[in-house]
Amino acid sequence: MKRSTVFAVSLAVIILAGCGQTQGSTDPGSLQPSKNAEFEEDDYLEIVDASNLMGMNLLSEISGKGEGDNPFISPVSLYMALSMLYNGAEGDTKDEIAEVLGVKGIEAGNLNQANASLMSILASDTEKIELRIGNSIWLNDSYQFQEQFTASNRDYFNAEIEEIDISDKASAVEINEWVQDATNNKIKKMAEEPLDSNIVAILLNAVYFKGDWQYKFEAGTTKESTFMGEGDKKSTVQMMRLEERIPYLETDSFQAVSLPYGDGEMDMKLFLPRSSSSLKEFRDALNTENWKRWNGEFSSRQGKVLMPKFEMEYEIILNDAMKELGMPSSFNENADFPHIVEGDSELAVTSIAQKTYLDINEEGTEAAAATSISVVDSGDAEPPFTMKIERPFFLAITDVESGAILFMGEIKDLQ
């Protein structure tokens with residue numbers, strides 16, 4: 001059997017105990033929440049496994065459904081964006097979001113504290129590792145946020161609160177400039193021009209990571225090689241080389257290696273299924289129990305890693321996946337978000353989207369993610385339509401200004 005060289009990539013964070021409680025920060029992208037945020041340093045333990053599991057479930061759900069063949073997501077980015085949205089939810093909608101987040105029955109205040117704790121413990125800005133997480137919420141200036149919604153997201157998520165004129169094309173530009181700044185220009189666009197006139201608010205999270213390998217791949221040894229993808233699809237790649245004593249694990253199903261960044265605060269774990277196995281079999285076995293067990297079974301071993309050097313982008317609309325994972329009512333007439341804006345608006349989510357970026361080279365790794373959640377006033381909005389042109393139809397090409405019909409016709413047969 002030909003060896004199919006497909007592998008799983010995980011950017012992992014080693015959570016270090018003993019981080020002190022934050023004194024707060026107002027810097028955009030800072031991992032230190034406001035000094036008004038009250039939380040314990042280990043509150044993150046309430047959500048870290050849940051965030052990881054949500055990511056595993058999401059990866060299983062979307063595999064093969066996004067643009068391109070390489071689904072690459074940020075569980076932390078999506079988790080924080082949904083947590084901000086949770087502050088505005090009630091009833092079944094709130095319960096469903098909690099189910100997806102893996103924290104059924106949790107109060108919004110406790111979820112906020114856990115996220116603030118996680119942001120604080122992730123704080124890492126050293127000479128060799130840079131990690132930034134930014135949150136922002138953009139409000140249609142025809143509406144007014146409820147004070148509690150604003151305060152919770154500002155204090156616990158360090159979210160920037162901005163009012164925008166939905167009808168102004170510059171508003172989409174402003175949102176995209178925020179995304180560019182938050183991701184070091186790796187993700188350039190999350191808002192389309194013009195913005196949907198029914199939008200009430202857009203919730204954004206952005207994550208940017210840059211880390212230098214603790215053990216760099218050997219300069220001058222990168223060589224052209226073949227990457228054998230699924231279905232024996234061959235690609236020519238630049239293959240990097242590293243010989244070092246590093247954490248290693250092998251089972252009957254896969255080989256795995258841990259490549260540390262900086263002084264070991266973070267790492268990349270690579271899982272290569274055996275030629276007799278597949279990524280699907282690995283994905284089916286991926287859960288928090290196995291993840292913890294595998295992490296505990298790595299041991300230091302001398303060896304050689306040959307790894308492709310590559311750069312990629314990925315994007316996906318997550319509406320269908322989030323419905324399948326358990327929160328359908330957020331998107332329909334049963335949506336219950338009474339705690340976001342003042343008044344009796346009937347709010348619903350119209351889009352949850354994520355874009356990611358990944359660059360792996362001899363020096364290290366650069367990665368970025370942006371997640372957007374668009375909330376509209378469903379009471380004012382007409383339901384979306386579908387028009388599938390699968391039978392005879394009429395068409396006309398016209399000049400808009402004069403109204404003159406340049407061409408017209410009936411299309412009856414496309415054989």
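Pick out, from the stretch 157-262, the strands (runs of 3 or more DSSP E) lying fully within it that include 1 or more residues that are farther than 27 Å from V76 by Cα and small (G, A, S). Answer list for the stretch 157-262: 223-228, 234-250. Answer yes if at least one residue in the stretch 296-318 is in contact with a helix residue (DSSP H, G or I) (Cβ under 9 Å, 6 or more places away or on another chain), in contact (Cβ under 8 Å) with a residue 60 or more places away in the chain and within 30 Å of T350 (Cα to Cα), and no otherwise. Taking every residue of the stretch 296-318 in turn, at least one turns out to be in contact with a helix residue (DSSP H, G or I) (Cβ under 9 Å, 6 or more places away or on another chain), in contact (Cβ under 8 Å) with a residue 60 or more places away in the chain and within 30 Å of T350 (Cα to Cα).
Being among the charged types (D, E, K, R) and under 28 Å from E362 (Cα atoms) is the filter; apply it to the stretch 190-226 and report the residue that is surrounded by the fewest Cβ atoms within 10 Å (Cβ to Cβ). Restricting to residues being among the charged types (D, E, K, R) and under 28 Å from E362 (Cα atoms), the top hit is E224. Against the numbered list (1) modelled with pLDDT under 95; (2) under 21 Å from the mean Cα position of the chain (by Cα); (3) not aromatic (F, W, Y), S167 comes up short only at (2). Selection of first residues in the stretch 76-101 that are under 27 Å from Y208 (Cα atoms) and of second residues that are of a type in the set (D, E, K, R) and not in a helix (DSSP H, G or I), restricted to Cβ pairs under 8 Å at least 6 apart or on distinct chains, gives the following pairs, ordered by first then second residue: A98/K104. Restricting the stretch 257-268 to residues that are surrounded by fewer than 20 Cβ atoms within 10 Å (Cβ to Cβ) and out of contact with any Asp or Glu (no Cβ under 7 Å at 6 or more places or on another chain) leaves a set whose member that is farthest from S51 (Cα to Cα) is D263.
Would you say S345 is assigned to a helix (DSSP H, G or I), over 16 Å from the mean Cα position of the chain (by Cα) and either small (G, A, S) or farther than 30 Å from M268 by Cα (or both)? Judged against the criteria, S345 is not a match. Looking across the stretch 115-142, the residues that are out of contact with any Leu (no Cβ under 7 Å at 6 or more places or on another chain), surrounded by fewer than 20 Cβ atoms within 10 Å (Cβ to Cβ) and either among the hydroxyl-bearing types (S, T, Y) or within 24 Å of A191 (Cβ to Cβ) (or both) come down to T126, D141, S142.
With respect to the conditions (1) more than 23 Å from F39 (Cβ to Cβ); (2) at pLDDT below 95; (3) within 20 Å of the chain's Cα centre (by Cα), I133 falls short on a single one, namely (1).
Count of the stretch 100-129 residues, restricted to those that are of a type outside the set (G, A, S) and under 18 Å from the mean Cα position of the chain (by Cα), is 6. Inspect the stretch 62-78 for any residue being within 17 Å of N205 (Cβ to Cβ), out of contact with any strand residue (DSSP E or B) (no Cβ under 7 Å at 6 or more places or on another chain) and either surrounded by 21 or more Cβ atoms within 10 Å (Cβ to Cβ) or at pLDDT 90 or above (or both) and give the result as yes or no. Checking the stretch 62-78: at least one residue is within 17 Å of N205 (Cβ to Cβ), out of contact with any strand residue (DSSP E or B) (no Cβ under 7 Å at 6 or more places or on another chain) and either surrounded by 21 or more Cβ atoms within 10 Å (Cβ to Cβ) or at pLDDT 90 or above (or both).
Quick check: anything in the stretch 357-365 under 23 Å from E96 (Cα atoms) and crowded, with 22+ Cβ neighbours inside 10 Å?
No, the stretch 357-365 contains no residue that is under 23 Å from E96 (Cα atoms) and crowded, with 22+ Cβ neighbours inside 10 Å.
If you check S142, S77, S120, S83 for being small (G, A, S) and not in a helix (DSSP H, G or I), only one passes: S142.
The values are calculated or read from the model by the stated rules, or taken from the named source; none is laboratory data. Keep in mind it's a predicted model, so treat the numbers as computed, not measured. Cβ coordinates were reconstructed from backbone atoms using ideal geometry, including for glycine residues, and neighbour counts include every protein chain displayed.
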